[in-house]
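Report on the following structure.
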Amino acid sequence: MKKLLLLIALMMPMASFAQGEEKKDKTTFEKFTSSIGSIVKFIDYKMPVLETSYERAQVTVRKVTNNNSSQCFLKIEFTNYNKREYSAFIAYEDVVELAKALEQLKTLAENDGTGDANYLENKFRTKDRLYLGYYIDKNKNGDKAPTWFISLEGYTSSNLFFKSAEPLLETFNTAINKIKEIQ
């Protein structure tokens with residue numbers, strides 16, 4: 001009996017630790033490509049490289065066919081300063097929403113640098129945990145210009161930074177046109 005109680009006491013912390021782990025929902029890409037018992041076909045189309053403030057990101061449009069249905073995704077991948085690789089597959093519908101949100105954010109950014117706040121941030125989030133936005137940090141040399149970012153996994157280390165929104169907008173619009181062409 002004592003051994004049983006000791007065994008239970010030792011297993012309790014493991015059980016509580018397992019319950020504390022956060023379970024991530026599958027992304028749209030993961031849901032579409034994870035069908036058991038079906039053949040999934042991938043076709044990639046290389047797009048122009050996305051130049052950021054610090055890295056160069058590879059951009060691809062991927063068409064995925066699963067049984068009789070197909071979907072297109074924008075893939076952005078890069079290696080950060082720690083040599084860690086990041087990538088995101090953005091569903092076509094989200095690419096369209098990101099392009100619209102970026103246009104709205106550009107309009108907001110025109111006036112956001114005029115206030116007296118030391119730090120300001122505006123961002124848009126997709127259902128697949130991708131963030132797009134800008135921040136203005138006046139603590140750094142009093143600069144009022146926004147720094148644009150896209151976060152591929154919702155974490156700071158997966159951010160790509162830009163001096164303007166134009167490279168992102170161009171990437172989204174080029175991808176939208178390519179997807180319309182191949183569908």
Q.
Given the criteria out of contact with any Pro (no Cβ under 7 Å at 6 or more places or on another chain), modelled with pLDDT under 80 and open to solvent by less than 100 Å² (accessible area, probe 1.4 Å), does LEU4 qualify?
A. yes
Q | One residue from TYR81, TYR45, TYR54 being aromatic (Phe, Trp, Tyr), at pLDDT below 85 and open to solvent by 60 Å² or more (accessible area, probe 1.4 Å) | A | TYR81
Q.
Testing LEU98 on (1) under 20 Å from the mean Cα position of the chain (by Cα); (2) at pLDDT below 90, one condition comes back false. Which one is that?
A. (2)
Q. Given the structure, is LYS31 more than 29 Å from GLU170 (Cα to Cα), modelled with pLDDT under 95 and either in a strand (DSSP E or B) or within 17 Å of the chain's Cα centre (by Cα) (or both)?
A. no
Q: Please work out which residue is nearest to VAL64 (Cα to Cα), limiting yourself to region 14-28 and to residues that are at pLDDT 50 or above and open to solvent by 60 Å² or more (accessible area, probe 1.4 Å).
A: LYS26
Q: Among what's in region 124-169 and is outside any loop (DSSP other than H, G, I, E, B), charged (D, E, K, R) and within 15 Å of LEU105 (Cα to Cα), pick the residue that is modelled with the highest pLDDT.
A: GLU166
Q) Could you list, in sequence order, the residues of region 100-141 that are among the hydrophobic types (A, V, I, L, M, F, W, C) and surrounded by 18 or more Cβ atoms within 10 Å (Cβ to Cβ)? A) ALA101, LEU102, LEU105, ALA109, LEU130, LEU132, ILE136
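The values are calculated or read from the model by the stated rules, or taken from the named source; none is laboratory data. The structure presented is a predicted model; accordingly, all values stated were derived computationally and were not measured. Note: ideal-geometry Cβ built from the backbone for every residue, glycine included; neighbour counts use all protein chains shown. Areas reflect the complete protein model, heavy atoms only, side chains present, ligands, DNA and RNA absent. Shrake-Rupley method; radii C 1.70, N 1.55, O 1.52, S 1.80 Å.
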